[in-house]
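Here's the structure, in structure tokens; my notes come after.
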Amino acid sequence: MKKILIVGAGFSGAVIANTLAKTGEYFIDVIDERNHIGGNCHTERDPKTDVMVHQYGPHIFHTSNEKVWNYVNSFGTFRPFVNRVKSIYMGQVYSMPINLHTINQFFGKTFGPEEAKNWIKSKGDSSIDDPKTFEDQAKKFVGEELYKAFFYGYTKKQWGTEPRNLPASILKRLPVRFNYDDNYYNDIYQGIPEDGYSAIIQKMLDHPNIKIQLEKRFLGGSDQSSGYDHIFYTGPIDAYFSFRHGRLGYRTVYFKEHRTEGDFQGNPVINYADEKVPYTRVHEHKHFTPWESHSKTIYFEEYSKETDEDDIPYYPKRLDEDMKILKEYELEVSRLSNVTFLGRLATYRYLDMHHIIEEALDCAEKFINKQS
Ligand code: UDP
């Protein structure tokens, strides 16, 4: 039997642990510095309202990969859930992502799909050939007015920098539609686990060959890593190397909690596009489980800021200076033979849950095949 250490009990670590444990050929220790499993996907019922709260902000599962969908569904029931986001700008409520309703409401029109397409095309900056920045991507595909209304202020608040400094890939996450489809995602499979994400991850880790230790920080060094044949590390890549090439930039988010009776905003997520509103969005968690009924409600304003040493890193900024530092760390990683770096923090990429699971499944399978 080989001995494996997994650092981090989020989706990456849990998928590796589960896949390796099922072979019956590994003893696996999973450590996590927090007092719960699940990483940033952790969910917990709020004792006062009984609402399932996504402790680190809302997570909606979506994928077009059938293998990933079947895999997660083997650990619990996912209920169908379509994320329909609203955005408030200058005292009006709009539909997000930008769709025909948003366009017609914003410009005071009654366009059909083709007219809207032509209208938006005429607004777009056709001189931009191959947009590299968030700003150029927006200007080319939705035009100045929609960009300034729905993306400029929100993005400045979210990322703490001008959108011209950010990569186009951030905006490419969002579709623009010329029909009334207001589903936030394009994926074939979309849902939320009935009993929350932590229950799914707990089930993945439920195996006699997996031992979980919480509130245990990975300090590196031979005392913690010796005795293991291999380590899967899912923590921040710069922390692994004691920040010797500098700290990578992350945005973190924090939440202001509110409670009231009944229904506060009538929707799971409402974005606040105006720059002068200090938060980016408000999420009301009982609307993520529409199959449940709760008389009370709990909701959170979400704020974004730079990540200090004690903050939880959320969003990798990937600015030019970060990418230079990342290269240095990646060079160090390439010299290590018994450590695999995977997941959002260890690879410093803006990944969704389905990406994480797909990559972890692939990584575990390759590792197993290499051993046999
Ligand atoms: N965004 C925006 N306005 C919105 C929603 C999103 O400007 O109303 C931008 C913002 O920069 C955000 C990015 O689009 O970081 C990606 O949005 P997404 O909803 O995917 O972000 P997440 O839910 O991962 O925070």
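Long-range amide H contacts for Ile212: which residues qualify at under 5 Å (H placed 1.01 Å from N, peptide plane, sequence gap of 5 or more or a different chain)?
Close amide H contacts, sequence-distant or interchain: Val30.
Can you work out the Karplus-derived ³J(HN,Hα) for every residue in the range 152-161? Use 6.51 cos²θ - 1.76 cosθ + 1.60 with θ = phi - 60°, whole Hz, and x for glycine or proline.
4, x, 4, 5, 4, 5, 5, 10, x, 8
What is the log10 of I(q)/I(0) for the range 124-173, computed with the Debye formula using one identical point scatterer on each Cα and no solvent, at q = 0.29 Å⁻¹?
Relative scattering, expressed as log10 I(q)/I(0), comes to -1.14.
Starting from the amide H of Ser87, placed 1.01 Å from N in the peptide plane, find each other amide H under 5 Å away whose residue is 5 or more places distant or on another chain.
Answer set, sorted by chain and number: Tyr94, Ser95, Met96, Asn271.
Determine the principal axes of the Cα atoms in the range 201-337, then give the extent along each, sorted from largest to smallest and rounded to whole angstroms.
55, 45, 20
So what's the range 66-186 giving for Cα Rg divided by 2.2 N^0.38 Å, two decimals?
On the way: Rg = 16.3 Å, N = 121, 2.2 N^0.38 = 13.6 Å.
Dividing the Cα radius of gyration by 2.2 N^0.38 Å gives 1.20.
Any chance you could list P(r) for the range 271-336, counting all Cα-Cα pairs in 10 angstrom bins from zero, rounded to whole %?
15, 26, 27, 18, 11, 1
Can you give me the long-range amide H partners of Val339? Hydrogens built in the peptide plane at 1.01 Å from N, cutoff under 5 Å, separation of 5 or more residues or another chain.
So Val339 has HN proximity to Ile231.
Step by step: find N for the range 1-151, compute 2.2 N^0.38 Å, then divide the Cα radius of gyration by it. What's the final number? Working shown, then result.
Values: Rg = 22.6 Å, N = 151, 2.2 N^0.38 = 14.8 Å.
Cα Rg divided by the expected 2.2 N^0.38 Å: 1.53.
Add -39500 (n - 2.57) for each DSSP H run of 4 or more in the chain, then divide by its residues: what number comes out at 222 nm, to the nearest 500 deg cm²/dmol?
On the way: 14 runs with 119 residues, N = 372.
Using -39500 (n - 2.57) per qualifying helix, the result is -9000 deg cm²/dmol.
Based on alpha-carbon centroids, what's the gap between the range 232-303 and the range 1-74 in Å, whole number please?
Computed from Cα coordinates, the inter-centre distance equals 19 Å.
Please list, in order along the range 304-311, the HN-Hα scalar couplings obtained from phi with the Karplus expression 6.51 cos²θ - 1.76 cosθ + 1.60 (θ = phi - 60°), rounded to whole Hz, x for Gly and Pro.
Calculated HN-Hα couplings, in order: 10, 7, 5, 8, 7, 4, 8, 7 Hz.
Once the dipole of the range 301-372 is set up with Lys and Arg at +1 and Asp and Glu at -1 on Cβ about the Cα centre, which of Cys363, Leu326, Ser304 lies farthest towards its positive end?
Selected residue: Cys363.
Given the Cα atoms of the chain, and with Rh set as the inverse mean 1/r over their pairs in the Kirkwood sense, what is Rg to Rh to two decimals? Mind showing how you got there, number by number?
Working: Rg = 21.8 Å, Rh = 22.2 Å.
Here the Rg-to-Rh quotient is 0.98.
Answer rounded, prolate or oblate for the range 203-268, using the Cα gyration tensor with square roots of eigenvalues a ≥ b ≥ c: rounded when a/c is under 1.5, else prolate when a/b is larger than b/c, else oblate. Spell out each step's value before the answer.
Details: a/c = 3.59, a/b = 1.62, b/c = 2.21.
Since a/c reaches 1.5 but b/c is at least a/b, the shape of the range 203-268 is classed as oblate.
On a 27 Å Cα-Cα criterion, which of the cross-link pairs Lys211/Lys366; Lys109/Lys140; Lys156/Lys203; Lys22/Lys286; Lys121/Lys324; Lys48/Lys276 come out too long?
Those over the limit are Lys156/Lys203; Lys22/Lys286; Lys121/Lys324; Lys48/Lys276.
Let me know the charge dipole size of the chain about its Cα centre in debye, to the nearest 20, where only the beta-carbon of Lys, Arg (+1) and Asp, Glu (-1) is charged. It would help to have the intermediate numbers written out before the result.
Details: 47 positive and 53 negative charges, 64 e Å.
Roughly 300 debye, rounded to the nearest 20.
If only Cα atoms are counted, what is the Rg of the range 127-230, and what is its Dmax, in Å?
Reported Rg and Dmax, both Å: 22.0, 61.
Apply the a/c threshold of 1.5 to the C-alpha gyration tensor of the range 15-70 and tell me whether it is rounded, prolate or oblate.
Cα axes put the range 15-70 in the oblate bin.
Just so you know, all these numbers are worked out from the coordinates, no wet-lab data involved. Everything numeric in this text was worked out from a predicted model, so none of it was measured. No Cβ is skipped: glycine too gets one built from the backbone with ideal geometry, and neighbour counts run over all protein chains shown.
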